[in-house]
Amino acid sequence: MQTANANPLVTITVRHESVTDALREHAQRKIEGLHLDYPRIIEAKVILDVQKNRHIAEIILFCANHITIEAHTEGADMYSALDTTADKIARRMRKHKTRLLKKNRPHRNESIRYLEESYFTEDVLDHPQESEQDPVPYIVHPENYQIRTMYKEDAVMELELSDRPFVLYRSARRGCLTIVYRRKDGEFASLDIDG
């Protein structure tokens, strides 16, 4: 991280008043005190103006990547106006850095990693020390299942025509999720899920 800008050229212009050495040093210290690593300051212009007892300080920063940041403030005296303007400039520099970080941040979908799942039988959990080899997982085949709205008679017919052990559907009569499955004795049974 850059802790100080690489001696940017600072031009101080005072209008309607003579510049003092103390005011020039104060402006120089404020510009050098901007300790952000982005955007890098190449040149800075400080314009100090006095108009009918109004003290106006304006700072214009010419930064890398063609970024220009400017701010101006009116204060009770020139030192307070310069301090407030330097604070505004620092906030605007942080805003540019935040925008850059958000733009380069990976999207949420790219940062999620999907791990391959393995399924093991209960024997592996009961006796982990007995086997000298790594346990062999059994395969689970993922399937997409579309839930359709139908009557119970249609679900039973679909279960008879398919090799699936059950049919999950939304009941056209009651609007709840229902499972129709074949019992061990060969008959059909239904179970309401959100009844």
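The values are calculated or read from the model by the stated rules, or taken from the named source; none is laboratory data. Since we're looking at a predicted model, the values are computed, not measured. A quick note on method: Cβ atoms are made from the backbone with ideal geometry, for glycine too, and the neighbour counts reach across all protein chains shown.
Brief remarks on what is shown
- Set His55, His16: member being at positive phi and without any contact (Cβ under 8 Å) to a residue 40 or more places away in the chain: His16
Residue by residue, here is whether (1) outside any strand (DSSP E or B); (2) surrounded by fewer than 18 Cβ atoms within 10 Å (Cβ to Cβ); (3) of a type in the set (A, V, I, L, M, F, W, C); (4) assigned by TED's automatic domain parsing to the domain that holds Thr98 holds:
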position: Lys30; (1), (2), (3), (4): yes, no, no, yes
position: Leu34; (1), (2), (3), (4): yes, no, yes, yes
position: Ile42; (1), (2), (3), (4): no, yes, yes, yes
position: Val46; (1), (2), (3), (4): no, no, yes, yes
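- For segment 144-183, the candidate set comprises residues that are out of contact with any helix residue (DSSP H, G or I) (no Cβ under 9 Å at 6 or more places or on another chain), modelled with pLDDT of 85 or more and assigned to a loop (DSSP other than H, G, I, E, B); within that set, the residue that is farthest from Asp194 (Cα to Cα) is Arg183.
- Test for Leu125: is it outside any helix (DSSP H, G or I), farther than 28 Å from Leu34 by Cα, out of contact with any Cys (no Cβ under 7 Å at 6 or more places or on another chain) and at pLDDT below 65: no
- Hits in segment 58-78 (condition: within 25 Å of Thr98 (Cβ to Cβ) and more than 27 Å from the chain's Cα centre (by Cα)): Glu58, Ile59, Ile60, Leu61, Phe62, Glu70, Ala71, His72, Thr73
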